[in-house]
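Read the figures in this text as sums done on the coordinates, not as results from a lab. Worth saying up front: this structure is predicted, and the values here are computed from it rather than measured. Backbone-built Cβ (ideal geometry, glycine too); neighbour counts: all protein chains shown.
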Amino acid sequence: MSSQKSPLVLASASPRRSELLRNAGIAFTVQPAHINERMLAGEAPEEYAKRLAREKARAVSMQRPGETVLGADTIVVVDSEVLEKPRDQADAARMLRLLSGRSHRVITGVCLIKAVSSSEFQASSIEDVRAETTEVWMRNLSEEEIKEYVASGEPMDKAGAYAIQGITSRWIWKIVGCYFNVVGLPVPLVYQMLQERFFAADERG
């Protein structure tokens, strides 16, 4: 497996991200980050996802100097609109209508940090921020299907109001890119980043 000396710290309470890391055999602990997740005026979707991932990772890294921290943020983009977690059932239904019968993009910002100090982020710290994009096609949904799906409760804590690994799997007929990214974490990208810079740093001690 890897030469990672200490577990990765996942700066997220997402059970889906935890399950993906666990299934990939990547050792980790969880310490959720609490930041203001608000899009800035004029901010491009990919930059928004990357900024939130960076802010989450940095917030936890300052409390865990010397440890490798993973921050991630997933958004759904249709046309130029960013769809995050729905505010309520009506918002979830609105999002599903937007996604019905067309393609959309799922973008996850990923940030890995190993800070050397708890006081500030220093030049000698390691930080790597990237993003993964997957294009997803959803078939036409009827109003009854939308109503029943929203009533199931599954959409309520998901970006774009759906879970590709859940009930929505019956409606997704095509994806281009990383499936795991749509679930919430592009595991191959995370592992590549760990191998390139962070596993090597652990080996050096």
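In Å and whole numbers, how far do the C-alpha atoms of the range 18-131 stretch along each principal axis, longest first?
47, 36, 23
Once you sort the root eigenvalues of the Cα gyration tensor of the range 86-199 as a ≥ b ≥ c, which label holds: rounded (a/c under 1.5), prolate (a/b larger than b/c) or oblate (the other case)? Write out the running numbers ahead of the final one.
Working: a/c = 3.46, a/b = 2.18, b/c = 1.59.
Prolate is the answer for the range 86-199, as a/c is 1.5 or above and a/b outweighs b/c.
Based on alpha-carbon centroids, what's the gap between the range 70-86 and the range 146-199 in Å, whole number please?
11
On a 24 Å Cα-Cα criterion, which of the cross-link pairs Lys56/Lys158; Lys56/Lys147; Lys85/Lys114 come out too long?
Beyond 24 Å: Lys56/Lys147; Lys85/Lys114.
Looking at the square roots a ≥ b ≥ c of the eigenvalues of the Cα gyration tensor of the range 22-79, which shape do they give, rounded for a/c under 1.5, prolate if a/b is larger than b/c, or oblate?
It is oblate, given that a/c is not under 1.5 and a/b is not larger than b/c.
What ranking do 155-161, 67-73, 125-131, 37-43 get when scored by the average of other Cβ atoms within 10 Å per residue, highest first? Could the numbers behind the result be given before it?
Working: 155-161: 22.7, 67-73: 25.0, 125-131: 17.1, 37-43: 10.3.
With the highest mean Cβ count within 10 Å placed first, the list reads 67-73, 155-161, 125-131, 37-43.
Between Rg and the Kirkwood Rh of the chain, both from Cα atoms, what is the Rg to Rh ratio?
Details: Rg = 17.6 Å, Rh = 17.6 Å.
Value, to two decimals: 1.00.
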